[in-house]
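The values are calculated or read from the model by the stated rules, or taken from the named source; none is laboratory data. Not measured: the values here are computed from a predicted model. FYI the Cβ positions are ideal-geometry reconstructions off the backbone, even for glycines, and counts take in every protein chain you see. Side chains are part of the model used for accessible areas, which takes the heavy atoms of the whole protein and leaves out ligands, DNA and RNA. Shrake-Rupley method; radii C 1.70, N 1.55, O 1.52, S 1.80 Å.
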Amino acid sequence: MVVKREPVGIGEESVWDYPRPPRLEREKARLKVVFNGVTIADSTNGFRVLETSHPPVYYIPINDCKMEYMKQSAKKTFCEFKGTPNYYDLSVNGKEVSDAAWSYPNPDTGMEAIKDAFAFYGKKVDACYVGEEKATPQEGEFYGGWITSKIKGPFKGGPGTFGW
């Protein structure tokens, strides 16, 4: 299958240049997550995971997350590169959403830096920010990447992309 890549300009990245297996790296920009008008997570110590065809998935250290709004759910999945995550529901001032975040308590080799850090589904919260830019959530029910103006696709997750 041939995928038509979006053009990439200076300072931009193509998700088709990201590796598989994925790469973990520090994120220099401030990361912020807002739900029901409350900042749930806010960090300048985050990480991002980069994988072919996916926008970055950002992880925010537990110390930069407001755990009083988060409760572990029963959902379980498995990632061949990171291991088995725990999922978390959010509840803020009477508004609730299921499985809005996930975290790896025992990540696989090479991903140890994201131990107990949280990633958030952008479509399940009010807003996710990378620096001052509000990110667009990755399409699809399973994927949790955040798309900014510097990230070019096309992206896995939308209709017709399952086999990528």
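A compact table of results
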{"read-out": "Matching option when the condition is among the polar types (S, T, N, Q) and at pLDDT 95 or above, among 77, 39", "value": "39"}
{"read-out": "Count - residues of the stretch 4-38 that are over 18 Å from residue 56 (Cβ atoms) and surrounded by fewer than 16 Cβ atoms within 10 Å (Cβ to Cβ)", "value": "5"}
{"read-out": "Given (1) in contact (Cβ under 8 Å) with a residue 40 or more places away in the chain; (2) within 24 Å of residue 134 (Cβ to Cβ); (3) more than 17 Å from the chain's Cα centre (by Cα); (4) open to solvent by 30 Å² or more (accessible area, probe 1.4 Å), number of the condition residue 69 does not satisfy", "value": "(1)"}
{"read-out": "Pairs, first on the phi > 0 side of the Ramachandran plot in the stretch 34-45, second of a type outside the set (Asp, Glu) and assigned to a loop (DSSP other than H, G, I, E, B), C-beta under 7 Å, six or more apart", "value": "36/93"}
{"read-out": "Hits in the stretch 110-141 - residues which are under 20 Å from residue 72 (Cα atoms), without any contact (Cβ under 8 Å) to a residue 60 or more places away in the chain and not basic (Lys, Arg)", "value": "116, 121, 122, 141"}
{"read-out": "Restricting the stretch 102-118 to residues that are out of contact with any helix residue (DSSP H, G or I) (no Cβ under 8 Å at 6 or more places or on another chain) and of a type outside the set (D, E, K, R), the residue that is nearest to residue 70 (Cα to Cα)", "value": "102"}
{"read-out": "Strands (runs of 3 or more DSSP E) contained in the stretch 22-79 and holding at least 1 residues farther than 16 Å from residue 107 by Cα and of a type in the set (Val, Ile, Thr)", "value": "31-35, 38-43"}
{"read-out": "Residue among 144, 158 that alone is of a type outside the set (A, V, I, L, M) and more than 21 Å from residue 36 (Cβ to Cβ)", "value": "158"}
{"read-out": "Of residues in the stretch 39-66 being within 22 Å of residue 138 (Cα to Cα) and among the aliphatic types (A, V, I, L, M), the one surrounded by the fewest Cβ atoms within 10 Å (Cβ to Cβ)", "value": "50"}
{"read-out": "Residue list for the stretch 44-69, restricted to those being touching a helix residue (DSSP H, G or I) at 6+ places or on another chain (Cβ under 7 Å) and either within 17 Å of residue 153 (Cα to Cα) or of a type in the set (A, V, I, L, M, F, W, C) (or both)", "value": "47, 52, 53, 54, 55"}
